[in-house]
Amino acid sequence: MITAQDLHIHLGGNHILRGVSFEVAAGSTFGLVGESGSGKSTVLRAIAGLIPGVEGKLTVDGRLLGAKRDKRFYRQVQMVFQDPYGSLHPRQTVDRILSEPLAVHGIGEADTRIARALAEVALPSSARFRFPHQLSGGQRQRVAIARALIIDPEILLLDEPTSALDVSVQAEVLNLLADISAARRITSILVSHNLAVVAHLCREVAVMQGGQIIETITSEALRAGQAYHEHTQQLIALSHDLEGPAPV
Ligand SMILES: Nc1ncnc2c1ncn2[C@@H]1O[C@H](COP(=O)(O)OP(=O)(O)OP(=O)(O)O)[C@@H](O)[C@H]1O
Ligand SMILES: [Mg+2]
């Protein structure tokens with residue numbers, strides 16, 4: 001569903017992605033881990049078309065992506081960012097926030113769709129006419145997820161979608177994302193600092209360091225500690241018990 005072949009990105013005189021290649025099978029969740037600054041967000045931003053001058057080849061659903069993404073792409077691919085506060089307009093109600101993508105893509109039945117989207121992310125209907133600051137962090141991220149889902153995308157790009165949340169609500173939101181992705185057969189890339197999270201939710205995980213993918217490993221191998229690369233072994237050693245629940 002998604003392929004990246006030998007991606008290179010230069011930004012501000014720095015060589016930030018250095019030959020990144022991977023494939024994501026339709027309907028699967030692909031994990032991207034690595035230390036801060038290793039290039040994880042840059043990979044997602046490159047796919048989303050947010051970075052000019054990407055060298056290499058990117059395809060989505062068999063189509064080669066050019067320098068400019070078309071409207072069909074923006075309907076098919078949606079991104080969820082780390083900070084739901086920053087990504088939601090503070091002066092717009094949830095109703096307005098969810099109406100906008102429908103209007104942009106010319107999708108009707110807004111009323112029904114908004115009610116359904118709120119239910120799908122388990123928000124009460126009373127949240128509909130609230131502003132972002134009147135919601136909890138977890139509820140705000142549910143709104144951001146609803147906004148991404150309301151136009152029925154086939155691909156979700158998730159950049160640390162829960163790391164700004166309290167640990168107690170992280171698992172809830174991650175399970176919600178996993179359930180919805182499975183039910184809708186959505187293909188996703190999940191960026192996370194948390195190895196336990198990606199080992200739990202992804203079939204395959206790519207480990208990044210210094211703008212390169214140093215290793216792609218199945219989650220079974222990751223859980224069993226069977227990493228090939230020394231840096232991956234260090235990340236595993238630094239993370240909490242990969243078999244157990246997320247650390248509290
Ligand atoms: N617009 C930019 N101009 C110059 N350098 C940039 C730009 N955006 C990112 N970088 C650099 O690219 C590298 C990779 O950044 P990126 O945000 O992809 O890392 P990351 O793996 O997502 O890190 P984190 O886990 O902290 O979110 C970093 O060294 C960063 O400083
Ligand atoms: Mg990042």
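The values are calculated or read from the model by the stated rules, or taken from the named source; none is laboratory data. Fair warning: this is a prediction, and the values are worked out from it, not measured in the lab. Quick reminder, even Gly has a Cβ in these numbers, built from the backbone with ideal geometry, and neighbours come from all protein chains shown. Quick note on the areas: whole protein, heavy atoms, side chains included, nothing else; ligands and nucleic acids left out. Shrake-Rupley method; radii C 1.70, N 1.55, O 1.52, S 1.80 Å.
Key figures for this structure:
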{"quantity": "In the range 143-152, the residues that are in a helix (DSSP H, G or I) and open to solvent by less than 10 Å² (accessible area, probe 1.4 Å)", "calculated": "V143, A144, I145, A146, A148, L149"}
{"quantity": "Selection from the range 45-70 of residues that are open to solvent by less than 80 Å² (accessible area, probe 1.4 Å) and among the basic types (K, R)", "calculated": "R63, R69"}
{"quantity": "Only one of R140, R130, R203, R116 that is open to solvent by 60 Å² or more (accessible area, probe 1.4 Å) and under 17 Å from the mean Cα position of the chain (by Cα)", "calculated": "R203"}
{"quantity": "Pair list, Cβ < 8 Å and 6+ apart or interchain, from the range 11-28 residues that are without any contact (Cβ under 8 Å) to a residue 24 or more places away in the chain to residues that are of a type outside the set (A, V, I, L, M)", "calculated": "E23/T3"}
{"quantity": "Residues of the range 153-184 satisfying the condition of being outside any helix (DSSP H, G or I), free of Cβ contacts under 8 Å to residues at least 40 places away in the same chain and acidic (D, E)", "calculated": "D166"}
{"quantity": "Qualifying positions in the range 20-44 - within 12 Å of ligand 1 (Cβ to nearest atom) and buried (at least 17 other Cβ atoms within 10 Å of the Cβ)", "calculated": "V20, L32, V33, G34, S38, G39, K40, S41, T42, V43, L44"}
{"quantity": "Single match in I145, I180, I213, I150 (criterion: within 16 Å of ligand 2 (Cβ to nearest atom) and farther than 16 Å from S239 by Cα)", "calculated": "I213"}
